[in-house]
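J.: Have a look at this one before I ask anything.
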Amino acid sequence: MKNMKIFLYHGSNAEVRQPEILPRLRALDFGAGFYLTSDQEQAIRWARLVARRRGTAQAILNRYLFNTAYNSRLRVKHFHEAGEDWLEFVVANRCALPVAAYDLIVGPVANDATLPVIDDYIDGRYTREEAIRRLLPQRLTDQYAFLTPAALAFLEFDGSEIL
C-alpha cells in the first residue's frame, strides 16, 4: 500500500495526545481498543455525548494523521458493509465470545438505529437473514478500532479543539 496519510477523529471530553488501549469496560463493536472515525461530524457528536455522560463542561475533538502504509505489518480486518461477517463479529464482541485477533479493524459503526436490530438478532427475534436485510440499507459511518500498540504506532496526534 502506498504511503499515504488520512485524517481520523476521536471525540472525547479530554485531549488525547497519547492514545491507549483501555481495558474492556463495556461491550464494543470490535472489542477493547482506541476508536476513531474519518467522519468529523460523527466524532463531534460523540464528543458531546461523552461530555454529557461524564458531566464535564467541555467536549473535545481530537485529530490524528493515520499512516495507511501499514500493509503487511499489521493484522487488519476490513468490513466494507454491515453484512453477515460484520454482524457475526459485532455480536461475538458484544457477547464477549472469542474472536480472531487483529491489530486494526475498519468497518461500519453500530448506531442507535442498528443496535435494536443487533439486540433482536442476539435475542433470537430475527434470523441472520432478517437482521442483515434490516442493516444493509442503513447509511452507517465508519470506525477504525486500533486494538494493539503496533496499530497505534501508525497514528500521529495532529491537535485538538474544544467544541
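The values are calculated or read from the model by the stated rules, or taken from the named source; none is laboratory data. Since we're looking at a predicted model, the values are computed, not measured. Here the Cβ is made from the backbone with ideal geometry for all residues, glycine too, and neighbour counts use every protein chain on show. Each accessible area value is taken on the protein alone, full model and side chains, heavy atoms only, with ligands, DNA and RNA left out. Shrake-Rupley method; radii C 1.70, N 1.55, O 1.52, S 1.80 Å.
J.: Being open to solvent by 50 Å² or more (accessible area, probe 1.4 Å) and at pLDDT 90 or above is the filter; apply it to segment 21-43 and report the residue that is farthest from Phe154 (Cα to Cα).
T.: Result: Glu41.
J.: Of these, Glu81, Glu129, Glu161, Glu156, which one is more than 27 Å from Val50 (Cα to Cα) and among the charged types (D, E, K, R)?
T.: Checking each option against the conditions leaves just Glu129.
J.: If you go through segment 101-113, how many residues are open to solvent by less than 60 Å² (accessible area, probe 1.4 Å) and either aromatic (Phe, Trp, Tyr) or over 13 Å from Gly83 (Cα atoms) (or both)?
T.: Selection size over segment 101-113: 7.
J.: Filtering segment 114-161 down to residues that are among the aromatic types (Phe, Trp, Tyr) and touching a residue at least 12 places away in the same chain (Cβ under 8 Å), which residue is surrounded by the fewest Cβ atoms within 10 Å (Cβ to Cβ)?
T.: Ranking the qualifying residues of segment 114-161, first place goes to Phe157.
J.: May I pose another question? Just need a number here: residues in segment 49-62 that are surrounded by fewer than 17 Cβ atoms within 10 Å (Cβ to Cβ) and either of a type in the set (Phe, Trp, Tyr) or farther than 30 Å from Leu97 by Cα (or both).
T.: Number of matching residues: 5.
J.: Something else about it: With the structure loaded, tell me whether Ala96 is at pLDDT below 90 and on the phi > 0 side of the Ramachandran plot or whether it fails that test.
T.: yes
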